[in-house]
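**Q** Below: one structure in structure tokens.
Please treat every number below as a calculation from the coordinates, not as lab data. These figures come from a predicted structure and were not determined experimentally. Note that we place each Cβ from the backbone using ideal geometry, even for glycine, and neighbour counts take in every protein chain shown.
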Amino acid sequence: MIAKKVLLVGSFGVGKTSLVRRFVLNEFSEDYISTIGVRVSSKVVELDENEIKLMIWDVAGTSKDEKVPKAYFLGASAAMYVFDLSREETYINLSEDLEAIKQLSGLENIVVVGNKKDLLSEEALQELKSTFAVPVNLITSAKENANVEDAFLLLSKQALSK
């Protein structure tokens, strides 16, 4: 079995913990509990005939003036940047945020996920998709369990390639 450290990063309240809970435990809760520091979960996935133990580091969301400790990023094989489709402030600086994560982690590619699609109509979602400054890999909903597994499998593929 191969163990890989992967990161979930993004602003506070975008649903990183909800995505992890849905993926690892297949649970969803409406209760918002802010992550302090980092929360580590693990799950074994099968990918390309490999068993991978994902060590998922759910890094606390930050506001603009807060910095995430560089130590959280050390040794990461992949990262997922999560933003909230219903809150423009979480994706308005997408390019800059991704560059900062690349600098901190040394990773070349970051999986980009727009979460909380359940809060938007299909029409609003289509309109929104054309406004992003960088390609978005997947649109998810932890609440509806939409594309959650796919997002983590993409993260696993990225981790395996490093």
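**Q** Taking neighbour Cβ counts within 10 Å as the exposure measure, how do Ile36, Ile56, Ile139 sort from fewest upward?
**A** Ile36, Ile139, Ile56
**Q** How do 84-91, 4-11, 21-28 rank on mean C-beta neighbours within 10 Å, highest first? Spell out each step's value before the answer.
**A** Working: 84-91: 18.2, 4-11: 23.6, 21-28: 15.9.
Result, highest mean Cβ count within 10 Å first: 4-11, 84-91, 21-28.
**Q** When the chain is fully extended, how far beyond the present Cα-Cα distance does Ile36 get from Glu99, taking 0.36 nm per residue of separation?
**A** Numbers: separation 63, 0.36 × 63 = 22.68 nm, distance 2.34 nm.
In short, 20.3 nm is gained.
**Q** Ok, one more. In the chain, what % of DSSP beta bridges are antiparallel (nearest 5)?
**A** If we restrict to bridges inside the chain, about 35 percent are antiparallel.
**Q** Starting from the Cα of Asp118, step 7 Å along the direction of its Cβ; do the same at Leu25; then give the gap between the two resulting points in nm.
**A** About 1.6 nm, to one decimal.
**Q** Can you list the equivalent-ellipsoid semi-axes of the chain, largest first and in whole Å, using the square root of 5 times each Cα gyration tensor eigenvalue?
**A** That gives 22, 18, 16 Å for the three semi-axes.
**Q** Can you sort Glu149, Glu127 so the residue with the fewest Cβ neighbours within 10 Å comes first? Please report the intermediate quantities before stating the final value.
**A** Values: Glu149 14, Glu127 11.
Ranking Glu149, Glu127 by Cβ neighbours within 10 Å, fewest first, gives Glu127, Glu149.
**Q** Between Glu149 and Leu74, how many nm apart are label points set 7 Å from Cα along the C-beta direction?
**A** 3.7 nm
**Q** Hey, another quick one. Among Thr140, Thr17, Thr131, what is the fewest-to-most ranking by other Cβ atoms within 10 Å?
**A** Thr131, Thr17, Thr140
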